[in-house]
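Each remark here refers to the structure printed beneath this line.
Each reported figure results from applying straightforward, stated rules to the coordinates on display, with no laboratory input. This one's a predicted model, so the numbers in the text were calculated from it and none came from an experiment.
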Amino acid sequence: MEKELIIMVIMIISIASVTFTEGFKQYLKLKKVTKADIDQDEIELLRKQNRHLEERVNTLEKIVTDNSYDLKREINAL
């Protein structure tokens, strides 16, 4: 009877450890996918912000390089 109990305990421990290991692998896979999605969202947000800033810089460059801007600045300096 004692041998049967030891075998049963060993089997239960083996099954529990395999189940835990597979569950942990699935958890890591899900965590990795979630992290990748967050990174992609952050990258897309940064790209949008970059495009917006590029548009603003282009607008400011047009204003500053415009001939009437120099004239207004000279008039205001008087």
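Taking only pairs that are 8 or more places apart or on different chains, how many Lys pairs in the chain have Cα atoms under 23 angstrom apart? Spell out each step's value before the answer.
Numbers: 25/35; 35/48; 48/62; 62/72.
Count of close lysine pairs: 4.
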Taking 0.36 nm per residue of separation between residue 40 and residue 11 and subtracting their Cα-Cα distance, the length gained on full extension comes to 6.1 nm
Expected unfolding gain across residue 31-residue 19 under the 0.36 nm per residue rule, minus the alpha-carbon gap, is 2.5 nm
Across the alpha-carbon set of the chain, Rg over Rh with Rh taken as the Kirkwood radius works out to 1.74
